[in-house]
Amino acid sequence: MKKKILNICMVLVVLLMIAGGIVTVGSVKGWFEKETTSDITVSEKTGIAKIERNGVAFEVDRDTTVRAGDKLYTQKGATLTISEADTARIYMNSDAEISVESIGDTIEFEVLKGEVLVDAREWKNVTAISGEAEIYMKDAVISISTQTGSGEIPVYSGKIDVKDKKSEEAVTAKSGQVVSIVENSGYEVSKLKVSSLNDFIIQQLAKCDIDESFCFTKADLKAVQKERENEILKAQQELLEKNESASDEEETGTANRNEIAENLDNGEGEKVAENGTNPGSNEAATNSGNGQTTSESGGETQTENTPPSQTVEQPETHAKYCTIEIRCDTILNNMQNLTPGLEGYVPSNGTVLGTSKIEFTEGETVFDVLKRACDSAGIQIEYSYTPIYESYYIEGINHLYEFDCGNESGWMYKVNGWFPNYGCSSYTVQEGDTIVWCYTCNGLGADVGGGM
């Protein structure tokens, strides 16, 4: 009986401990709040982002309520969007950290590290802190970049007032201007150039409802993106051509060395007739022009026919070219399904390798062209050989692998708009072929036009 009672007590203690843990975690995460004191929540997240509340850190989920005193931070490759109701207000870039000081009639937060974009249009009075700078904004769209000893505050719409907490130095900046902060050197206001914006800011501004109050139009932002895409494509193409040229030179050098060796081998067949026992005879002379060897002995001339050195003419080969492109833009529409930490491998425009012209030789396959293009352009690729199909299988390109963006995701290829139903090392490339490798996320290729 006593043993039974002891067992029951132990079970009760364990249950109390579990209940206590649930209550503790629930109170921190706000599970038991009947009415939330804040309508500010996390609306979007890519990668790993965390929140620290009452000394306890946990990973952020969508719809996580943000409260005064919270610290939010994103890890490398992650982004976070904080919204009020259905309106996005704060966009956090990768490796950023903010601390929410107060939520009420006035929103106050501090940018501790990294970069954020703030859309304060038709919002409450908003105050942001970056180092010693207090930034007051109303009906403005700005970004704040905080680095050790320096910072920048570009203004895209509206105006802001910036005041130093120590020196009380104050400046005002309006749309189209940027406030530069240098430690112990005060503030400097200068003109903002669209070319100075990074890809993250351009992407977030594109999500805003850009109106006439903005210093840049959507067309301006798209033009910068297009120019950068072209620069990347040009750099990739130059690298491909450089490596292709180096490969051609190596092949030419090898061919020349083989030809010289062959000529030397043929030269060994030439015989030099030596003098007889006549002490007055002369040394043999060779006419390399007709392949004959002559010798003089006792006034007589002897001729020995030897085969001339011959060079085998190689048939002229016509260079063959195709184009190849690698895209993963479907991931941009499925970032919520992407394995955390891989965001940094997804280009902002979804292009891993722009359309590139590449030379190939007779009999080469799509696999051969892909591998050479990736090797030449410095793009990571991993593959395996499947004996049952006698073909290579592409597991990953640019660190993006099968199932990284859902259980139907992976790499597919098409040639001239057609998706072959066999492996890439079984498709022989033809002159003028257009090869596109694309990453599918849904429908086993349905989202890229190759669904089964």
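Looking only at segment 364-392, residues that are farther than 20 Å from residue 242 by Cα, surrounded by 12 or more Cβ atoms within 10 Å (Cβ to Cβ) and among the polar types (S, T, N, Q) come to 3 in all. Among (1) open to solvent by 50 Å² or more (accessible area, probe 1.4 Å); (2) under 25 Å from residue 241 (Cα atoms); (3) modelled with pLDDT under 90; (4) not small (Gly, Ala, Ser), which single condition is residue 347 missing? Tallying (1) open to solvent by 50 Å² or more (accessible area, probe 1.4 Å); (2) under 25 Å from residue 241 (Cα atoms); (3) modelled with pLDDT under 90; (4) not small (Gly, Ala, Ser), residue 347 fails exactly one: (1).
Considering segment 315-344, and only residues there that are modelled with pLDDT of 90 or more and among the charged types (D, E, K, R), the residue that is farthest from residue 48 (Cα to Cα) turns out to be 320. Which residue is nearest to the chain's Cα centre (by Cα), if the candidates are limited to segment 94-124 and must be outside any strand (DSSP E or B) and within 19 Å of residue 140 (Cα to Cα)? Out of the qualifying residues, it is 120. When segment 200-221 is filtered for residues that are at pLDDT 90 or above and assigned to a helix (DSSP H, G or I), the ones remaining, listed by number, are 200, 201, 202, 204, 205, 218, 219, 220, 221. Looking across segment 127-142, the residues that are surrounded by fewer than 21 Cβ atoms within 10 Å (Cβ to Cβ) and either in a strand (DSSP E or B) or at pLDDT 95 or above (or both) come down to 127, 129, 134, 136, 138, 139.
Please enumerate the residues belonging to segment 178-189 that are open to solvent by less than 80 Å² (accessible area, probe 1.4 Å) and in contact (Cβ under 8 Å) with a residue 24 or more places away in the chain. Break it down stepwise before answering.
Step one: list which residues in segment 178-189 are open to solvent by less than 80 Å² (accessible area, probe 1.4 Å), which gives 178-182, 186-187, 189.
Listed by number, the residues that qualify are 178, 179, 180, 181, 182, 187.
Annotation note: Cβ proximity below 8 Å between a residue of segment 370-398 that is in contact (Cβ under 8 Å) with a residue 40 or more places away in the chain and on the phi > 0 side of the Ramachandran plot and a residue that is assigned to a helix (DSSP H, G or I) and not small (Gly, Ala, Ser) (sequence gap 6+ or interchain) occurs for 378/239; 398/345. For segment 356-377, indicate whether the set of residues that are farther than 17 Å from residue 324 by Cβ, in a strand (DSSP E or B) and within 25 Å of the chain's Cα centre (by Cα) is non-empty. For segment 356-377, residues farther than 17 Å from residue 324 by Cβ, in a strand (DSSP E or B) and within 25 Å of the chain's Cα centre (by Cα): absent. Within segment 190-205, can one find any residue that is open to solvent by 50 Å² or more (accessible area, probe 1.4 Å), within 19 Å of residue 82 (Cβ to Cβ) and under 28 Å from the mean Cα position of the chain (by Cα)? Checking segment 190-205: at least one residue is open to solvent by 50 Å² or more (accessible area, probe 1.4 Å), within 19 Å of residue 82 (Cβ to Cβ) and under 28 Å from the mean Cα position of the chain (by Cα). The residues of segment 420-452 that are assigned to a loop (DSSP other than H, G, I, E, B), of a type outside the set (A, V, I, L, M), at pLDDT 95 or above and surrounded by 15 or more Cβ atoms within 10 Å (Cβ to Cβ), listed by number, are 427, 433, 441.
The values are calculated or read from the model by the stated rules, or taken from the named source; none is laboratory data. Worth saying up front: this structure is predicted, and the values here are computed from it rather than measured. When we count neighbours, we look across all protein chains shown, and the Cβ atoms used for this are built from the backbone with ideal geometry, even at glycine. All accessible areas refer to the heavy atoms of the entire protein, side chains included, with ligands and DNA or RNA removed. Shrake-Rupley method; radii C 1.70, N 1.55, O 1.52, S 1.80 Å.
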